[in-house]
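Read the figures in this text as sums done on the coordinates, not as results from a lab. Predicted model only: the values in this text are computed from it and were never measured.
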Amino acid sequence: MAETLLYQGVAVNPANGLRVRLGHNRETLAGAKTLVPQDAQFQNLNPGGSTRVVTLPDVDASQGLFFLIANIGGADDLTITHTPSSLSDTLANNRVSIYACDGATWVNVSGIITFA
């Protein structure tokens, strides 16, 4: 399945710099995926039959960003990473996590949640 990307508007909270994008991406991965700051905030990802690595964007351009990443695939995992933050989470099927950047590092602010 090809990437489905909906309209993305951007709102910035001047008090804390939090950037919120409207839109989501539903995608079956054929390989590793590297997110960029302009990507949809909500990522519904199917690993596509193999464990896949999803790399979060560089922190220099990501302060105030967050991504909600959901594994909507079969039995395969998503590995969410960022270097040099030393972040490495494994999302099994039907799991979701929220990752936020403070400008210095990415952190999992939600834990790993089961949604089904």
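Note the full-extension length gain between I113 and S85 as 0.36 nm times their separation in residues minus their Cα-Cα distance, in nm to one decimal.
Difference between extended and current length: 7.9 nm.
Roughly how large, in nm² to one decimal, is the mean projection of the convex hull of the alpha-carbon atoms in the range 49-116?
If I average the Cα hull's projected area over directions, I get 4.2 nm².
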